[in-house]
Amino acid sequence: MSTEYTYEHLAETAKYLLERVPFRPKIGIICGSGMGAYWNEGSLAEALTDKVVFPYNQIPHFPESTVEGHAGQLVFGYLMGVEVVCMKGRFHHYEGYPLWKCSMPVRVMKLVGISHLIATNAAGGLNPKYKVGDVMLVNDHINLMGFSGNNPLHGPNDERFGPRFLPMNRAYDKDLIELAKKVWDDLKLGPIHEGVYTCLGGPNFETVAELKMLQMVGVDAVGMSTVHEVITARHCDLTVLAFSLITNFCATNYENQSEANHEEVMDVGKMRQDTLATFVQNLVLRIKKLGYPGIK
Ligand SMILES: O=P(O)(O)O[C@@H]1C[C@H](O)[C@@H](CO)O1
C-alpha cells in the first residue's frame with residue numbers, strides 16, 4: 001500500500017475537525033519555513049481572527065511534526081473576514097515521512113471543504129535576477145523526486161480522491177497567478193517574479209554541482225517541499241497558487257564562501273512576514289470577492 005490512510009480515515013479526521021469549527025473554509029494556506037511555520041509573533045496564522053487551533057498531535061490520524069519545540073498546528077479562522085484553514089508548519093520527506101504522508105493534510109483540507117490552496121515555501125534562489133527577500137510565484141515545477149518513482153500518489157488509487165492518471169500542465173492556476181500579480185502590484189510591494197520550483201529530499205542543502213545542474217535545466221528556485229502537496233491537491237481537484245520566499249542565494253561557483261543555513265531562512269522569513277501577510281490577506285479577499293476563480 002502506498003498509504004495507510006484510507007478515504008475513511010481521512011473522512012474521520014475531517015469530521016472531527018468540522019464538529020469543532022463553526023464555519024467552513026474555502027481556502028487552505030500552507031505556511032512554510034519563511035512564513036511562520038516555526039514562530040508565533042507576527043506569523044500569518046497569528047493574524048487569523050476567531051481562531052480554532054488544533055495542534056497536529058491532537059488531530060486523529062495526523063502525522064506529528066518532528067521539529068523540536070514546534071508541534072505544528074492546523075488553524076481555522078478568518079483572514080480579512082475570509083474563512084480559511086492554515087497549516088502552521090508542514091511535513092517534509094527529510095523528517096522521515098513518505099511523500100503520501102507529507103501531503104495527507106491537503107486531502108484533509110479538501111474534505112473540510114476547501115476549493116483553493118495557497119502553498120508557500122522558503123527556497124534558495126537560482127535565477128541570478130532574484131534577490132534575497134524576493135517572492136516568486138510558482139508557474140511550474142520539476143518533480144525531481146518523481147523521476148525516480150517517489151510520488152505521493154504511488155500505489156493503489158482511490159477514485160474518491162481523484163483519477164489514477166492526472167494532467168499537470170495546468171497545475172498552477174493562471175488566473176490566480178495573474179490575480180496575485182495584480183494584488184502585489186496594487187499594494188506597491190515592488191518586483192515579483194514567476195518561475196519554476198523544484199523540491200529535493202533534503203535535509204542537506206545542495207552542492208555546487210547540483211545547483212549548476214538545476215540551473216541548467218531551468219529551475220529558478222529550489223526547496224524541500226510543495227511539489228508533492230501540489231500533486232495531491234491537483235489530484236483532488238483543488239485550484240492551486242504557490243509562491244516561494246527567496247531566503248538565500250544558491251552558490252553556483254566554488255569561490256562563493258557563503259553557506260546556506262536554516263537560521264538565515266527563518267531570519268529572512270521574519271524580515272518579510274509583514275509584507276507576505278499583507279499580500280496573502282489581500283489575495284484571499286480578492287479571491288472571495290471574485291467568487292473563487294480558476295480551474296477546479
Ligand atoms: O517548508 P519549507 O519548504 O518552506 O522549508 C524550507 C525547506 C526546509 O524545510 C527549510 C530549510 O531551511 O526551509
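Out of all the residues in region 223-250, which are within 15 Å of the ligand (Cβ to nearest atom) and either of a type in the set (Asp, Glu) or more than 28 Å from PRO293 (Cα to Cα) (or both)? Result: MET224, GLU229, THR247, ASN248, PHE249, CYS250. For region 253-275, residues that are away from the ligand (no atom under 13 Å from the Cβ), crowded, with 16+ Cβ neighbours inside 10 Å and not in a helix (DSSP H, G or I) total 0.
Condition check ((1) within 16 Å of the ligand (Cβ to nearest atom); (2) without any contact (Cβ under 8 Å) to a residue 24 or more places away in the chain; (3) open to solvent by 50 Å² or more (accessible area, probe 1.4 Å)) across all residues:
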site	(1), (2), (3)
PRO128	no, yes, yes
HIS141	yes, no, no
PRO152	yes, no, no
ARG164	no, yes, yes
ILE177	no, no, no
VAL183	no, no, no
LYS188	no, yes, yes
GLY195	yes, no, no
MET213	no, yes, yes
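Might you check whether a residue that is in contact (Cβ under 8 Å) with a residue 40 or more places away in the chain and in a strand (DSSP E or B) occurs anywhere in region 64-77? Looking for residues that are in contact (Cβ under 8 Å) with a residue 40 or more places away in the chain and in a strand (DSSP E or B), one finds at least one in region 64-77, hence yes.
Whether any residue in region 20-35 is within 16 Å of the ligand (Cβ to nearest atom), part of a loop (DSSP other than H, G, I, E, B) and either open to solvent by 20 Å² or more (accessible area, probe 1.4 Å) or not acidic (Asp, Glu) (or both) is what I want to check. The answer is yes, given that some residue of region 20-35 is within 16 Å of the ligand (Cβ to nearest atom), part of a loop (DSSP other than H, G, I, E, B) and either open to solvent by 20 Å² or more (accessible area, probe 1.4 Å) or not acidic (Asp, Glu) (or both). Restricting attention to region 58-67, does a residue exist that is within 16 Å of the ligand (Cβ to nearest atom), touching a helix residue (DSSP H, G or I) at 6+ places or on another chain (Cβ under 7 Å) and β-branched (Val, Ile, Thr)? Yes, because at least one residue in region 58-67 is within 16 Å of the ligand (Cβ to nearest atom), touching a helix residue (DSSP H, G or I) at 6+ places or on another chain (Cβ under 7 Å) and β-branched (Val, Ile, Thr). Would you say ASP220 is crowded, with 22+ Cβ neighbours inside 10 Å, charged (D, E, K, R) and touching a residue at least 12 places away in the same chain (Cβ under 8 Å)? Judged against the criteria, ASP220 is a match.
The values are calculated or read from the model by the stated rules, or taken from the named source; none is laboratory data. Keep in mind that what you see is a predicted model, and the values were worked out from it rather than measured. Quick reminder, even Gly has a Cβ in these numbers, built from the backbone with ideal geometry, and neighbours come from all protein chains shown. Heavy atoms of the whole protein, side chains included, go into the accessibility calculation; ligands, DNA and RNA do not. Shrake-Rupley method; radii C 1.70, N 1.55, O 1.52, S 1.80 Å.
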